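Structure, as structure tokens:
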Amino acid sequence: MKLAKSLQEIQPSYIREILSAACAPGVISLAGGLPDAKTFPLALMAKSLIDLPNQPQLFQYGNTAGYTPLLEHFSNYYQLPASHSSIICTGSQQGLDLIARSFINPGDSIVMEAPSYLGAIQVFGLAQANIESISQRADGPDLEELESCFATKDITLFYAVPDFHNPTGVCWSIDVRKKVAQLCQQYNVAFIEDVPYRELRFKGEFLPLVSSFCPENSLVLRSFSKIATPGIRLGLVTGRSDWIAPLNKVKQAADLHSSIPMQAVLLNLLQHDGFEQHLEVLRGLYSERYKALLDNIALKLPASCEVNEVNGGMFIWLSLPDCDVNALAQTALEHGVAVVPSSVFYQERENVKPALRLNFTNANIDELSEAIDRLAKVIEIHCK
Ligand SMILES: Cc1ncc(COP(=O)(O)O)c(C=O)c1O
């Protein structure tokens, strides 16, 4: 069969492709966006998992929008106004896909920061959207570029990850949040706020969602992969009900609904007395690993390798002197350390800045130290 046109130009995810190589014995992976499996709150989930066989009704077909008690929990927890609703998705990745399929026609223009989340580049690419890239600064998108883009082009939506961005770890300042919300309202651009790392803040003050400044102009995507486990594949989209309704329609055609037994398990987890403590432990561990990674970089890599300091999330962005980052990542793998080259996170190849995305949540402190020893050798070979 001939491939659909929409698929012909889509690159397979570099990260998913190298994941098996990154898991080979002896390789330390800083490549994936993996939480540490040892932190999975399985003990908190054990009772509800054991109870599942006593609840056959959970194994029946269910509502497309999700398991009603979980939807009610979200409605209360996130204090959704009466005019808003939610849909539970098979990971927030599916939420993104449902949004693209509901609101984008081939050729429509959408805005993303550059660099940006690879999974979103894939989704919007499959939807055949025309992606406008806006440069990212230390405190969020370049606002002048953003306004000029909104003012001169017909933009359907702006997709962004304001809390501990993937891949750079950047967290938008409060002023940028307010300004972006105002611009989205002024130019009638929908703001798609993807916040899978929001709860992983280990430093600095909590900041309001961008959507809290433009609630009628936005959709929020949440994920339970980083704070519970990725394997349960559960995410959430919230926003005004007339924007959630089309997502329901697309999801009916996509997979009818997400796993109801897993939604029941998630509800019990979120309501468990020990859940807050679990998040505290997670933040403490990731903060320690982040500091260890930073110290190792300062000690072992040349001063020309620069890191953006982060206050949370799972990644740092290591800027390198001019070099071929794809070749460097390949050599790194041969030297037993998996990293992701910056090129995979850019829509437009000509604007790629030489950098690596490094994950600090999966490897332990000794592994992080060894990984940077290995990376130092590779950088010496490639960045003269
Ligand atoms: C920014 C961003 N959005 C969405 C996702 C997908 O998350 P989920 O596992 O909920 O599908 C990821 C996963 O790494 C991500 O980094």
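Summary table
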{"read-out": "Residue-averaged [θ]222 nm for the chain, counting only DSSP H segments that reach four residues, each worth -39500 (n - 2.57)", "value": "-13000 deg cm²/dmol"}
{"read-out": "Kirkwood hydrodynamic radius over Cα pairs of the chain, then Stokes diffusion coefficient at 20 °C and 1.002 mPa s, in µm²/s", "value": "99 µm²/s"}
{"read-out": "Burial order of peptide ranges 93-100, 41-48, 208-215 (average beta-carbon count within 10 Å, highest first)", "value": "93-100, 208-215, 41-48"}
{"read-out": "Computed over the chain: relative contact order in percent, which uses C-alpha pairs under 8 Å that are six or more apart", "value": "24 percent"}
{"read-out": "Gaussian network model of the chain, springs between alpha carbon atoms under 10 Å - residue of 81, 321, 115 with greatest fluctuation", "value": "81"}
{"read-out": "Filter on 300/377; 226/300; 203/226 - keep pairs with C-alpha separation over 21 Å", "value": "226/300"}
{"read-out": "Region 181-222, Rg to Rh (Cα coordinates; Rh as Kirkwood inverse mean 1/r)", "value": "1.03"}
{"read-out": "Point-to-point label distance, residue 38-residue 144, nm (Cα→Cβ direction, 7 Å offset)", "value": "4.8 nm"}
{"read-out": "Computed over region 55-271: relative contact order in percent, which uses C-alpha pairs under 8 Å that are six or more apart", "value": "29 percent"}
{"read-out": "Mean separation of Cα contacts under 8 Å, 6 or more apart, over the residue count of region 101-171: relative contact order %", "value": "39 percent"}
{"read-out": "Residues listed by number, region 114-147, amide nitrogen under 14 Å from residue 186 label point at 7 Å toward C-beta", "value": "143-147"}
{"read-out": "Against the rule of thumb 2.2 N^0.38 Å, how large the Cα Rg of region 241-330 comes out", "value": "1.74"}
{"read-out": "Region 55-271 - Rg and Dmax from Cα coordinates, angstrom", "value": "16.8, 56"}
{"read-out": "Neighbour-limited loop hits for GluC sites (Glu not before Pro), region 153-228 (at most 16 other Cβ within 10 Å; DSSP other than H, G, I, E, B)", "value": "205"}
{"read-out": "Cα-derived Rg over Rh, computed across region 286-379 with Rh taken as Kirkwood radius", "value": "0.94"}
{"read-out": "Whole-Å distance, taken between Cα centres, linking region 29-102 and region 283-340", "value": "32 Å"}
{"read-out": "Packing-based exposure ordering (other Cβ within 10 Å, fewest first) of 317, 172", "value": "317, 172"}
{"read-out": "Label-point gap, in nm, between residue 206 and residue 55 - each point 7 angstrom along Cα→Cβ", "value": "2.7 nm"}
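Read-outs: derived from the displayed coordinates by stated rules, not from any lab. Remember, it's a predicted structure, so these values are computed and weren't measured experimentally. Virtual Cβ from ideal backbone geometry, glycine too; neighbours counted across all protein chains shown.
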